[in-house]
Structures are given as C-alpha cells and as structure tokens.
Amino acid sequence: MMKVLEYPFTEASVRALTAGQTVSFSGRIFTGRDRLHRHLFDGGHSPVDFHNGVIFHCGPIVQQVNGAWKVLSAGPTTSIREEPYMARIIEKHRVRMVIGKGGMGEMTREACRRFGCVYLQAVGGAGAVLARCVEKVNGVFLLKEFGAAEALWDFQVRDFHAMVAIDTRGRSVYRKVESASRRALTTVLRESGFARHI
Amino acid sequence: MRHVHWVKNLKELIRRTSTDLPADVEGSIRRALKHEARNSHASWVLGTILENAALARKQGVPLCQDTGTMIFHFGVPVGFDTNALLASTRDAVALATRDGYLRQNTVDAITGASFATNVAPSSPVVSFQQGARKTVDVRLILKGGGSENMGHQYSLPDTDLDAGRDLEGVRRCVLDAAWRAQGNGCAPGVLGVCIGGDRSTGYWHSKEQFLRRLNDRSEVTVLARLEERIMRDARRLGIGPMGLGGRTTLLGVKVGAVSRVPASYFVTVSYMCWAFRRRGVLLGPEGGVQRWMY
Ligand code: SF4
C-alpha cells in the first residue's frame, strides 16, 4: 500500500516512517550528485535552503525549449558515491529525505538515526516515469560550474513514488536482503557442482 | 558515400536505442512480473519499469537518464572506408546529444570537464570487422555506468570461492558476481560472461554476449546447460529487482568462450542493467536503411 506523505516534511513525520514502506508525495526536491555533495561538504555556499528538504541523487537530461526547461529523463543515480559527504550534509542542513538508488553506508545510516532523515530508493532507470512527475522546474543553480547533469535542479514534483529503504531506527532493507542472499548463495554453492570433470 | 545520409540513419539508430527497449527484454520483464507476489517490492519495481518503457517509447525520451557508454559494432564490406564511417558516427552522436537522446555524459578523465557533444577520445567506442558482405551491419549498445561498475574479472583458481579451472569454477564466479552486484546495477540484469582470453579481450567478449537475444540458446551445448543452471541458481538468491528482495535477480546469463594461454584462466563477468538498450540496423552501400534489427 502506497502511503501518501504530507509536504513539507518535519522531523516527526519522517521518524514515523518504516523501512519497506512505499510512499508518494508532492512538493519540492533538489537534485545533486558528486560535485554538489563535494561542494557542500567542503563548506561551499548553498544556493538553496535544504532545511527539512529533499536531496535527490540524480543527473537529469534536460532541454531548454523556448527559454523554459523541460525534464526528459530523471531517474536516481548510485548513492553510495556520496557516502563520504552525506552524513555531514544531513547534520548541517537537516535534510529530511535523501532519494537515490542502491542504498548508503554506515555513516549515513547513523546520521539518519541521529538527525531524523530517511533514505528512499526510487526505481533505478525509471527516468521517463520520474521525469513525468516533474511538474515544473523552479530553478537551477551551479549550472555553469558543474554542467547540466551535476547541477542543482529545483524541481516541483507531483506524486513522486519511492520506497523507504533506510529508516530513522537504523533499519535497512538492503542489509536484510544482502544477508539472506548470502545464506542462499552458500546453499546454492554447496550443492552438486556443474560437470566438474568433462 | 553521402555523409548526411549516414549521419541521419545512425542518429535514428541512437534514438531508437535510447528510447525503445527491445521486445525480448521487455517480454522477459513482463514474464518475471507474473512470478512475483502481488503488492511486493518486486512487483512495484517491475511494474514501474514496464510503465517507464512504455512511456519512453511513446514520448520518444530516453528510458534512463544515464545513456551510458556508446558501444558500436560495425560489420563492413572488404575495403570499406571506415574513417568516413567513424566521422559519420561521431556526428550522429553529437546530434543525438543536442536533441536530448543522449545525456552530456562524457567527461575528461582527469579534470572532470564535460564534453558537450559526447565525442571525445574513446567516445563513442567503435569496432570494425571486415567481411564478405555488401551491407554495413551496425549494432549499438548503450551501457549505463551503474551497471558497468558491477563487472568483475576472476583469475582461476580462486581459493576464496573454491573455484577451479573448470565449468563448476565458472559457475561459482558468475554467482559470486551476481551476489556482489546485489541490486546496484539496476537489477534485474543480464550477465555477459567470457571464459578465457586475456584481461582486455575477456571484458570485450563478455560484452559481446549482449548482442545475443535473451531467448536464444548457446550453440555450445555445455555452455547452454551452464547458462540454464546459473539462471536456476540465481532465482534462489532472493536479491530481486533493485535488490529489494524477490525472485527476479537476473533476466539472463550469456556465456561465451575464447582461447587463452595455458597460464591464465580468466572468467570475466559484465553486468547489463534491465535498461538493456540494444538496437541494430543494416545499411546499404549508400547508407540507406535496409532493415532494423532486434
Ligand atoms: S544501471 Fe542502467 S538503469 Fe540503472 S541508472 Fe544506470 S543506466 Fe540506468
């Protein structure tokens, strides 16, 4: 069952979420990838207010049509690359939601627990569907410095779907799957081998 | 050879590849969805993927924003001017980028500076093979970075995996690669495997397996059996779409073998995400389309 979230988020509202829930919301999200995270981590100037906001790990394909931005494809990118920077950014800017793909590491999990933030998995590769959720491009920052794929895009989204993968109590869907699949792999490998002597 | 003609049709090949998921891939995702429990994470992901494929095709927009490494395989007649063909291909890439079918996705390895047209040293990747043929056979694969990062090369014997220099050893390596990838290459994916070769040809041939259709069967009986066995094993791993759990961890495993030196026994595994963008076209001597492939 899809849970519809109220926007803007608060610390209490994200603390009420549980790993494994699929959620939908409408509101504002900011994109950011490696360059932006590095920039914020290094104490660089933040052109927007991330407080209680959402960072989406995404490098969209955008086109300018008659002066207006059009988002063609905007799926999540691999989040683990931001692991060295994410915890500090969550702490400093009190981001409430990080959306990406593939999950994050221990430092981010701990920051989510301490400061009240959740990590959500969007469907990787679903660039067209997620671009359709973008109702409007409110603005773009650091475009010249970072290029279109790495810039900070300010998107107005509607009915954006994702799944809570790491919650504020430290539960992680990935960890569960990873350890269960490890056990399954051990079993599969123990079984009779494939034509050892042909 | 009329440059504009070639550019136009090569650009159309890029457009189709980026926006239109091949039928064999889409069909296998649709079948996979039937095997997942209703209201599960797996069915949510697979349902979204199918919706995405339909929407991208309808609107003519890239399936996935990571349009990846462009890998062109050309089969050309003997004596064909491959320099001119390369020039046309580069122009087609630049135009497809301008029109939003490819993301500005190529950066300088050292400075990180973006190449606006995606044309750069070793981009696009091309290979030419001359043969006794009249037409030019072009196949294009767009391979996303997230999936590329999930590739692995094993040097057998591998004591950690208890993998010896035989097909059981190969099975162990391939399953290990599938496990390590979890959902991070945008599962469910397809594994291309090469047995043998040196380190560089191993990766090249592992990716050549992606030119095969998902529903084909290896002509080498023992490799066909190995592929089936690994697929059966992979279904039990429970990694599922995007690594959120489920039955569908892989859509396919394609194994090929080339020669090797006696001292080396490499098993190379490349991961292709579900956004398996592969298209082909046969072009006549003047660059006109004779037939679309896949
Ligand atoms: S791995 Fe494939 S589907 Fe996933 S983001 Fe990269 S290109 Fe897209």
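Quick notes on this structure:
- Under 5 Å, built H, 5+ apart or other chain: amide partners of residue B:187: B:242, B:243
- Each label was represented as a point 7 Å from its Cα along the Cα-to-Cβ direction; for residue A:28 and residue B:149 these points are 2.9 nm apart.
- Residues in segment B:15-51 that, when all protein chains are in place, have 20 Å² or more less accessible area than the chain alone would give (probe 1.4 Å): B:41, B:44, B:48, B:51
- Cysteines in chain B lacking a second Cys C-beta under 4.7 Å: B:64, B:173, B:194
- The per residue volume of the convex hull around the alpha-carbon atoms of chain B is 143 Å³.
- For the pair B and A, total buried accessible area rounded to nearest 100 Å², probe 1.4 Å: 4200
- Exposed-loop-free span, longest in chain B, where GluC sites (Glu not before Pro) count as exposed if DSSP calls them loop and at most 16 other C-beta atoms lie within 10 Å: B:1-218
- Angle of helix A:173-190 to the longest C-alpha principal axis of chain A, folded into 0 to 90 degrees and rounded to 10: 30°.
- For segment B:225-249, a decrease in accessible area of 50 Å² or greater in the assembled protein chains relative to the isolated chain, with a 1.4 Å probe, applies to B:229, B:236, B:237, B:242, B:244.
- Rounded to 5, the percent of DSSP beta bridges in segment B:146-272 classed as antiparallel: 60
- Solvent-accessible area per residue, Å², over segment B:146-272 with all protein chains present [probe radius 1.4 Å]: 37
- Across all C-alpha atoms in segment B:180-294, the radius of gyration and Dmax reach 16.0, 51 Å.
- Residue A:51 - accessible surface, heavy atoms, 1.4 Å probe, Å² rounded to 10: 100
- Take the Cα of residue B:128, go 7 Å toward its beta carbon, and the backbone nitrogen atoms of segment B:81-96 under 18 Å from that spot belong to B:81-93.
- Computed from Cα atoms, the angle from the helix A:83-93 axis to the main principal axis of chain A rounds to 40 degrees.
- Placed amide H near residue B:253: partners under 5 Å, 5+ positions off or other chain: B:191
- Alpha-carbon centroids, segment A:21-46 and segment A:64-128: separation in whole Å: 6
- Centre-to-centre, using Cα atoms only, segment B:250-279 and segment A:152-182 are separated by 30 Å.
- Which listed pairs, of B:8/B:207; A:3/A:101; B:58/B:143; A:70/B:11, have C-alpha distances above 24 Å, in listed order: B:8/B:207
- Gyration tensor verdict on segment B:1-119 (Cα atoms; rounded if a/c is under 1.5, prolate if a/b is larger than b/c, oblate otherwise): prolate
- Remark: C-alpha extents of the protein assembly as shown on the principal axes read 68, 59, 41 Å, sorted largest to smallest.
- For segment A:113-130, a drop of 10 Å² or more in accessible area on going from the chain alone to the assembled protein chains (1.4 Å probe) is found at A:121, A:123, A:124, A:125, A:126, A:128, A:129.
- Fully extended contour minus Cα-Cα distance, from residue B:220 to residue B:165, at 0.36 nm per residue: 18.0 nm
- Accessible surface of the protein assembly as shown [probe 1.4 Å, protein heavy atoms]: carbon and sulfur percent: 51
- Acute angle (nearest 10 degrees) that the helix A:106-115 long axis makes with the longest principal axis of chain A, alpha-carbon atoms: 50
The values are calculated or read from the model by the stated rules, or taken from the named source; none is laboratory data. From a predicted model like this one, the values you see are computed outputs, not experimental measurements. A quick note on method: Cβ atoms are made from the backbone with ideal geometry, for glycine too, and the neighbour counts reach across all protein chains shown. Please note that ligands, DNA and RNA were not included when accessible areas were found on the heavy atoms of the full protein model with its side chains. Shrake-Rupley method; radii C 1.70, N 1.55, O 1.52, S 1.80 Å.
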